[in-house]
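Take a look at the structure below.
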Amino acid sequence: MGFDIYIVKVGTSVLSDGKGISEEAIKNISYQICDLIDERRRFILVSSGAILSGITVLGLNTTPQKLKLTEKQVCASIGQPYLMSLYEKYFREKGIVTAQILLTEEDLANKITYKNVWRTMKALLERNVVPIVNENDAVSVRELLPVNPYVPDDVRFGDNDRLSAIIASKVKGKMLIFLSDVDGYYETAPDGSKKLVKEIKVLNNAMFKYARGQGSFGRGGMKSKLEAAKIVAETGIPVVIANGRRPNIIKDILNGVEVGTRILPVKRS
């Protein structure tokens, strides 16, 4: 393939307006990616938000974390097509075609479906189509049930942070970008103050210890992103964690603007 592949993972918190799914946020992300696509660049968008979209469609006054398992699956089933309809609308306005790919751990653990996933994704990218990937929340219950012993560790994921890391590593991405509702990874000083870490050369245990856990809208959190970043960095791919609500954030990252937290790839011998 004669182009670089950028993987952009968008968290539910970025797509939320505090009550439900934000169409304006989806428009912003879609337009940025469309404006950056050219002969040298292709994008894979890993987007959370199906459950919150379902909550929005049903008019529920709650958050994804407060729902029981079956309620989450119901909302995901209703919300995923609505979420995709919004992405499709705004990508189409810019002349870009999108494709939906829903995955579970079992899909990547099975040798046949594993090969089919990557063959399909490669063919989509060659046709300048943007694959929009999400964990199949309608059938996947990884976050609430014990680990499936038949799923190998290298394809195991319980949230879209790790899923995006698996994808980035497999397609040998140019960069993995995590868009969250914070500016990046913050270091906590002894006096309790916090400072944005602009660059991380080596991820150590202390960073994982102080990373914030999941929020009210998503299953991930900073710890999940750092764990996923470690997977990707060890394959030689840089990672950026940044605020997805900031205007033109993806453009700034690709243009080398100093934003967010950049995690450097491990140097290969």
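The table below gives the values:
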| item | result |
| --- | --- |
| Residues that are part of a helix (DSSP H, G or I) and among the polar types (S, T, N, Q), drawn from the range 43-67 | Ser53, Thr56, Gln65 |
| Positions within the range 181-205 being hydrophobic (A, V, I, L, M, F, W, C), under 21 Å from the mean Cα position of the chain (by Cα) and assigned to a loop (DSSP other than H, G, I, E, B), in sequence order | Val182, Val197, Leu203 |
| Candidates Ile21, Ile44, filtered to the one that is surrounded by 17 or more Cβ atoms within 10 Å (Cβ to Cβ), closer than 28 Å to Glu126 by Cα and of a type in the set (A, V, I, L, M, F, W, C) | Ile44 |
| Which numbered condition Cys34 fails, given (1) at pLDDT 95 or above; (2) out of contact with any Lys or Arg (no Cβ under 6 Å at 6 or more places or on another chain) | (2) |
| Out of Ile166, Ile101, sole residue that is touching a Ser or Thr at 6+ places or on another chain (Cβ under 8 Å), of a type in the set (A, V, I, L, M) and modelled with pLDDT of 85 or more | Ile101 |
| Given (1) at pLDDT 85 or above; (2) surrounded by fewer than 17 Cβ atoms within 10 Å (Cβ to Cβ), index of the condition Ser216 fails | (1) |
| Yes/no for Glu39 being over 29 Å from Ala123 (Cβ atoms), surrounded by fewer than 23 Cβ atoms within 10 Å (Cβ to Cβ) and not polar (S, T, N, Q) | no |
| Thr70 closer than 15 Å to Ile26 by Cα and polar (S, T, N, Q) | no |
| Lone qualifier among Thr98, Thr56 - being crowded, with 16+ Cβ neighbours inside 10 Å, among the polar types (S, T, N, Q) and within 18 Å of the chain's Cα centre (by Cα) | Thr98 |
| Where a residue in the range 95-120 is touching a residue at least 24 places away in the same chain (Cβ under 8 Å) and its partner, wherever it lies, is of a type in the set (Asp, Glu) and part of a helix (DSSP H, G or I), with Cβ under 6 Å and at least six apart | Thr98/Glu88 |
| Count of residues meeting criterion [part of a helix (DSSP H, G or I), more than 22 Å from Val139 (Cα to Cα) and not aromatic (Phe, Trp, Tyr)] in the range 87-120 | 5 |
| Among residues of the range 2-12, those that are surrounded by 23 or more Cβ atoms within 10 Å (Cβ to Cβ) and modelled with pLDDT under 95, counted | 2 |
| Subset of the range 223-269 that is farther than 15 Å from Glu199 by Cβ and hydrophobic (A, V, I, L, M, F, W, C) - its residue that is surrounded by the fewest Cβ atoms within 10 Å (Cβ to Cβ) | Leu254 |
| Any pair with Cβ under 6 angstrom, 6 or more apart, that starts in the range 249-267 at a residue that is among the β-branched types (Val, Ile, Thr) and modelled with pLDDT of 90 or more and ends at one that is buried (at least 16 other Cβ atoms within 10 Å of the Cβ) and part of a loop (DSSP other than H, G, I, E, B) | Thr261/Gly184; Thr261/Tyr185; Thr261/Val197 |
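For (1) within 23 Å of Arg40 (Cβ to Cβ); (2) among the aromatic types (Phe, Trp, Tyr); (3) at pLDDT below 80; (4) over 18 Å from the mean Cα position of the chain (by Cα), each residue gets a yes or a no:
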{"position": "Leu67", "(1), (2), (3), (4)": "no, no, no, yes"}
{"position": "Met84", "(1), (2), (3), (4)": "no, no, no, no"}
{"position": "Glu105", "(1), (2), (3), (4)": "no, no, yes, no"}
{"position": "Lys115", "(1), (2), (3), (4)": "no, no, no, yes"}
{"position": "Glu135", "(1), (2), (3), (4)": "no, no, no, no"}
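The values are calculated or read from the model by the stated rules, or taken from the named source; none is laboratory data. Owing to the predicted nature of the structure, the values given are computational and were not obtained by experimental measurement. No Cβ is skipped: glycine too gets one built from the backbone with ideal geometry, and neighbour counts run over all protein chains shown.
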